[in-house]
Amino acid sequence: MASYWGLDLGTTNTVVAVCDERGASPEAVALPGLSVPGEHWLGAAAATGAPVPLIPSVVEVLDRRGRRARAGAGAVNAAYPGAPPASLARSFKRRLGSDAGATVARAKWGNVSAALAAEVFLRALREGVRASEHAPRGLWGRWRARLGRWPREVVIPAPVDSFEAYSREVRRLAARAGLPRVRSLEEPVAAALGYSLDLHEEQSLLMVDFGGGTLDLAVVRLGGAAPFAGRARVLATSGQALGGETVDEWICEEVAARLPGMDAAWVREVAGWEVEWAKKQLSLNDAIPVPIRFQGRDLACLTRADLIGLLQRRGLYKELSGGVAEVLRAAARRLGGADGAVPVDHVLLVGGSTLLPGVKECVEEAAGMPSRFWHPFEAVARGAALFATGRKVDPVFYHDYAVRLRISFSGPAEYEYQRLIPARSRYPTPPGDQVVRHYSVLPGKERFALPVCEIGRFGWSELAWERRGDGAEYWQPASPEQRARVRCLNETEPDIPIRPPSREDKARLRVTYKVDEERHLRVEVYDLLRREMIVRDAPVADGLR
């Protein structure tokens, strides 16, 4: 009976791995009607030499409540080889952390949101495992499943650069889909566990997880002397929204440029699957040109050299080498060394986009050593299943947390940010490392606004925080692109009630900040006047009432 699950929910493909019990080896499983066979054009057997139970991350919702649907291979096979229909929800993962209500497909009955598509897809995965050989057996097993006690634990890893809202939304949708006990972990960290290296032998790994939607990097140190024996310590992580689907868009633009009067959106609409198939063939074959067809005629014919030139012009190799260099430098800084690169023992590649031509060589040149390529499609799911069984990891988070301060009161609002907890800090926050701030409240005020934000990166480098005379660090966004990478966690409820109002302009509130094991910022608010805790260990995203 598969009690522990790891779900690598990918932008393009998903893999499910299970462990029957603690200490067992994880197994990636094929789910009837959902997984594609190895010889399928979407399969990975040609790339890895062995069938991989990939599940296309697509769903066709057939009614408003999502109770009737086609998912995975069933949804693809119902539409292929024609153009992908408007009713087919794809790439819904990308929306979950920013705009889960966004329309990702248009069915006959109405619009399909990213949230509904993800919920239906997760429910299909749950039912797929129940219909497989890994389902509970016997009367007691079936009762456990009916009572919601199976599986015991599910881990759905998240991209490094995802915001807190992503993991919260995934857990909410998983609960609606019948998976109430869900935890998270960064995808490349899960991949490090999934490579099944000895956690008791001290060694450092560079993980390159290049999938359909994101490029995630991590430096992970395994084992060592107590207290690190048997644990995985994350030294540094980095990530960007760059993946196989980005390359598909570039190919569509390249094809459109060869067709007078056509645009990339049209190519994507009528030949999206052909473009994806061509990319895979060109990644595996050195010599044979690959046609992209529509209704029996060739729209364009691409060679491997064409694809390499396209990736070069679009800056893929430059981004990849820059990311590897930055994450190695960040790991060295974490260990207290100079601004050089930390030495690693293994470079491990994960994700389908690592098969793109030139990617392996680019990583090896940037890292200065050969790479290993084993279980590239399964490693994240396998590692997630191991984490579900209780494998120990000491992770770090990638974003900064800060308080938003308004600095202009005439015209459009302008803000700067005072940093609370810096990126690359460990989580959960170790005891004694919580951040404590004291805030004054103006006399007569009955509410105190405390908007707390999560701030993402702009490229690979860390933000340039300015330390001022008060000892705090500040940052101000300089462009719309930078402002878009700031997410207020409690925008709808930023106010703390002040009862009774202050009479003096002096410290009234003591606020303690920490990050929990699910990478969520939590606070405690203590009223110094009343000598009373008014918010006790609550997620910031739930409001400060």
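No lab work stands behind these numbers, since they all come straight from the coordinates. This structure is a prediction, so every number in the text was calculated from the model and none was measured. Ideal geometry is used to build each Cβ from the backbone, glycine not excepted, and the neighbour counts take in all protein chains shown.
The string of couplings for the range 436-446 from the Karplus curve (6.51, -1.76, 1.60, θ = phi - 60°) is 10, 10, 10, 10, 8, 10, 4, x, x, 6, 9 Hz, one whole number per residue in order, with x for Gly and Pro. Dimensions of the range 244-313 along the principal axes, based on C-alpha atoms and rounded to the nearest Å, stand at 29, 26, 20, largest first.
Dipole of the range 244-313 computed with +1 at Lys/Arg Cβ and -1 at Asp/Glu Cβ about the Cα centre; of A265, L311, T246, farthest Cα towards the positive end is L311. As a rough footprinting exposure proxy, the listed residues C19, C301 were ranked by other beta carbons within 10 Å of their own, and the order from fewest upward is C301, C19.
The charge dipole of the chain, taken about its Cα centre with unit charges on the Cβ atoms of Lys, Arg (+1), Asp and Glu (-1) only, comes to about 2000 debye.
Each of K108, K514 was scored by other Cβ atoms within 10 Å of its Cβ. Arranged with the fewest first, they read K108, K514. Using the number of other C-beta atoms within 10 angstrom as an exposure proxy, rank R95, R181, R447 with the fewest first. Lowest count first: R447, R181, R95.
Scalar couplings 3J(HN,Hα) for the range 400-413, obtained by applying the Karplus form with A = 6.51, B = -1.76, C = 1.60 to θ = phi - 60°, are 9, 10, 8, 8, 7, 10, 7, 10, 9, 10, 10, x, x, 5 Hz; x denotes Gly and Pro. Note on the range 400-542: along the principal axes its Cα atoms extend 46, 42, 32 Å, ordered by decreasing extent.
Shape summary of the range 436-506, radius of gyration then Dmax from alpha carbon positions: 15.8, 47 Å.
Note that the range 374-385 has calculated 3J(HN,Hα) couplings of 9, 6, x, 8, 9, 4, 5, 5, 4, x, 5, 5 Hz, one per residue in order, obtained from phi through the Karplus relation 6.51 cos²θ - 1.76 cosθ + 1.60 (θ = phi - 60°); glycine and proline are x. Read through the labelled values (1) 183; (2) 249; (3) 233 and report the label of the one computed as volume of the Cα convex hull per residue in Å³ from the structure. Calculated volume of the Cα convex hull per residue in Å³: the matching label is (1). For the range 309-363, the alpha-carbon radius of gyration amounts to 1.29 times the rule-of-thumb value 2.2 N^0.38 Å expected for a compact globular protein.
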